[in-house]
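> Have a look at this one.
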Amino acid sequence: MLDKIDNGIIQSLMKDGRKSLRQIAKEIGVSTPTVETRFKRMINTGFIKKIAPLLDTDKVELGITAFLFMKVLAERALDIAKQLSGFDEVRNVFTTSGDNNMIVRVAVDKPESLEALIRKKISIIDGVKSVSSQLITRVIKDEQAVVVKPGVAVNLTCNYCRGEIPKEPKILQFGEYERYFCCKSCLTLYREKYRHRIKALSK
């Protein structure tokens, strides 16, 4: 579960991911080692997947971005989403309510490429019933659509069996790394399987 410090770190990074840990510590009123520990923990749990640049699309002279509004068979939605995620042009995939039950954001170099993407790659996917597109003419605000506040629970996955961790995780710490497990058995099995690597990283 996220607390006030975790939330402060996340909010600071969302405003500017270029900040140093020292800058963040000063901003939220805690020590730099505290920020470093909390940041590493959020990386290790997979809550923070990566810190990537947010580009100003007005500075890009070439290329267009568009939303695709799709109607797909409900029973095929997850398979279709996985296929779409494999295309380089696809930046986001969302399943939604309503008749158009999937929305996709794509980035291509020119209108002809968008037409080819829809006609040759997307429309032929089994279960896709219809596709319509709208070009994005200007980005006014573009932020991750996640509300992060103190007290928000973080869903963890066991590093051994890949199952969901329902309560407090069992934690294995070695070197700068932490791994999380649903039970003592998974922790023990993981430690045995990777004992040489754990020993090397613990030195």
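> In terms of the ratio Rg/(2.2 N^0.38 Å) built on C-alpha atoms, what value belongs to the chain?
Compared with the compact-globule rule of thumb, the chain sits at 1.29.
> Another one. Between Glu164 and Lys184, what FRET efficiency follows from the Cβ-Cβ distance if R0 is 25 Å, with the result rounded to 0.05?
The computed FRET efficiency comes out at 0.90.
> Which pairs break 21 Å Cα to Cα here: Lys170/Lys193; Lys50/Lys110; Lys49/Lys71; Lys19/Lys50; Lys19/Lys40?
From Lys170/Lys193; Lys50/Lys110; Lys49/Lys71; Lys19/Lys50; Lys19/Lys40, over 21 Å: Lys50/Lys110; Lys49/Lys71.
> If R₀ is 25 angstrom, what is the calculated FRET efficiency for the pair Thr37 and Met14, using the beta carbon separation as r and rounding to 0.05?
Here the calculated transfer efficiency is 0.80.
> Could you work out the mean projected area of the convex hull around the alpha carbons of region 155-203, in square nanometres to one decimal?
3.2 nm²
> Hey, another quick one. Counting only C-alpha contacts under 8 Å and six or more residues apart, can you give the relative contact order of region 80-139 as a whole percent?
In percent, rounded to a whole number, it is 25.
> Please give the FRET efficiency for Ile28 paired with Lys199, using the beta carbon to beta carbon distance and R0 = 25 Å, rounded to the nearest 0.05.
0.10
> Sort largest first and round to whole Å: the equivalent ellipsoid semi-axes of region 1-51, each the square root of five times a Cα gyration tensor eigenvalue.
15, 12, 10
> Sticking with this one: Give the cross-link partners of Lys120 among the aspartates and glutamates, using a straight C-alpha distance below 20 Å as the criterion and excluding same-chain residues fewer than 8 apart.
List returned: Asp79, Asp88, Glu89, Asp109, Glu112.
Each value in this text was obtained by applying a stated rule to the coordinates, not by laboratory testing. None of these values were measured; they are calculated from a predicted model. As a convention, Cβ positions derive from the backbone with ideal geometry for all residues, glycine included, and neighbour counts pool all protein chains shown.
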